[in-house]
Amino acid sequence: MKTLPVHLDLFALIILLGVAQGIFLGIFFLTGERGRVVSNRCIGWFMLGLSAIIAEIFLCYTNYMFQILWLIDFSEPVNFTLGPLYFFFVFARLHQRLPKRWFWHLLPAFIWTINSITWFYQPIEFKYNSYLHAYHPELAYIDSDEYLPEDFTNLRDYVSEMTMLSCAIYAFFSFLDIRKAFRLRGLSLFQPAPSQLAPLRNLILLNLSFPILAFFIKPQFYEDLGDYILACYLTLLIYTTSFLVMRGSNFFVEEPDPEPEAPAPRKKYEKSALSEEVEEAVLQKLTRLMADEKPYLQSDLSLTKLAQQLGTSSHHLSQLLNDRREQSFFDLLATYRVREAQQLLQDSGTANLKIDEIAERVGYNSTSAFHTAFKRLTGQTPAQFRATATSSRSA
């Protein structure tokens, strides 16, 4: 068996950096408290799958694969998990759950994994020829026997096309889901968006462009010779995700230095670090923020995120709401969301929206939670309020 020297260049370095960062991100999303969130688990496994695929491209591109031929095509069973996993991530990010019957989406991956036994369990000469066929067609094959028939599905010659089709279909599903989320908030897809939607939209568009790029690149090269370009693009996707994770992290946000403790307790808190002037400034900023940017429409808005936008700490904001507004953070959210829902329910332009669509548009993931809050604050159910508003317009 003839081998070639190791080939290292800028492309190889970029791909190797993608492998390392993908593994790091995968472990990051799957461990600790983060691993309890279903969307994090989906993106974590997606990142590990990407790492496996571009790691194999790195080994083949650099000729390291000649040293470890038993690993040839080791990542191929992962191909049909990438599209579903990314769609699961987007869906769970928007709806806090997986789609119904999600396991059926992984059936092609399961079948392909079974099929992979027929090329994993083969003599080293067979694997050598497979590597030459994909990356070094200029070298001569050697004689080889098969332990098993190579491909019981007779589809392996089309695996690249099927993989790109799977990625394209699920990228399109993800695109439809994010577009629906924007529309439910009365926004077009490319408008400035709430903080949890804009990064997700950008990632989806980047992911959607991958099968389009592959469609143009693959026909330009023999077999897998152009895969190094696709691997570099996947590295870009991995590092873009890393950037968005860092940008959304509270770790890099500096909290203001606490002021000296007040000598006496105020209401239910033992300490008050906010002066009257600071309290008034934060309240005014809160009022402007709620009126101008409407962050309460974000389904994942938390006390910490709101405090970050106001330039204060979550403890200070909670104290301020309880002392000056006599509200908890969740009461504040409910007040603004129900007020927004009232406007939608009595607006003839949104009369076609269902109650659950209005609930989602104003930031509720649960229709029952929306009903409970609406009834508590208005004394009516959303349907009753809409009926009353409709009667008033007709009178």
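The values are calculated or read from the model by the stated rules, or taken from the named source; none is laboratory data. This one's a predicted model, so the numbers in the text were calculated from it and none came from an experiment. As a convention, Cβ positions derive from the backbone with ideal geometry for all residues, glycine included, and neighbour counts pool all protein chains shown. Keep in mind that these areas ignore ligands, DNA and RNA; they rest on the heavy atoms of the full protein, side chains included. Shrake-Rupley method; radii C 1.70, N 1.55, O 1.52, S 1.80 Å.
Quick look at the values:
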{"quantity": "Single unsatisfied condition, Ala231 versus (1) open to solvent by 50 Å² or more (accessible area, probe 1.4 Å); (2) over 17 Å from Met162 (Cβ atoms); (3) in a helix (DSSP H, G or I)", "calculated": "(1)"}
{"quantity": "Scan of the range 352-379 for residues that are open to solvent by less than 60 Å² (accessible area, probe 1.4 Å), touching a residue at least 24 places away in the same chain (Cβ under 8 Å) and assigned to a loop (DSSP other than H, G, I, E, B), ordered by number", "calculated": "Val362, Gly363, Tyr364"}
{"quantity": "Subset of the range 142-190 that is touching an Asp or Glu at 6+ places or on another chain (Cβ under 9 Å) and assigned to a loop (DSSP other than H, G, I, E, B) - its residue that is surrounded by the fewest Cβ atoms within 10 Å (Cβ to Cβ)", "calculated": "Asp143"}
{"quantity": "Residue list for the range 195-221, restricted to those being more than 20 Å from Leu82 (Cα to Cα) and at pLDDT below 85", "calculated": "Ser195, Gln196, Leu197, Ala198"}
{"quantity": "Restricting the range 312-341 to residues that are open to solvent by less than 30 Å² (accessible area, probe 1.4 Å) and acidic (Asp, Glu), the residue that is farthest from Glu277 (Cα to Cα)", "calculated": "Glu340"}
{"quantity": "Meets criteria (over 30 Å from Glu360 (Cβ atoms), modelled with pLDDT of 95 or more and open to solvent by less than 30 Å² (accessible area, probe 1.4 Å)) for Ala55", "calculated": "yes"}
{"quantity": "Inter-residue pairs, beta-carbon under 7 Å, first open to solvent by 20 Å² or more (accessible area, probe 1.4 Å) and in the range 115-128, second part of a loop (DSSP other than H, G, I, E, B) and modelled with pLDDT of 90 or more, 6+ apart", "calculated": "Glu125/Ile142"}
{"quantity": "Of residues in the range 216-228 being in contact (Cβ under 8 Å) with a residue 24 or more places away in the chain and surrounded by fewer than 16 Cβ atoms within 10 Å (Cβ to Cβ), the one farthest from Glu56 (Cα to Cα)", "calculated": "Tyr222"}
{"quantity": "Scope the range 1-31; condition open to solvent by 30 Å² or more (accessible area, probe 1.4 Å) and under 18 Å from the mean Cα position of the chain (by Cα); matching residues", "calculated": "Gln21, Ile23, Phe24, Ile27, Phe28, Leu30, Thr31"}
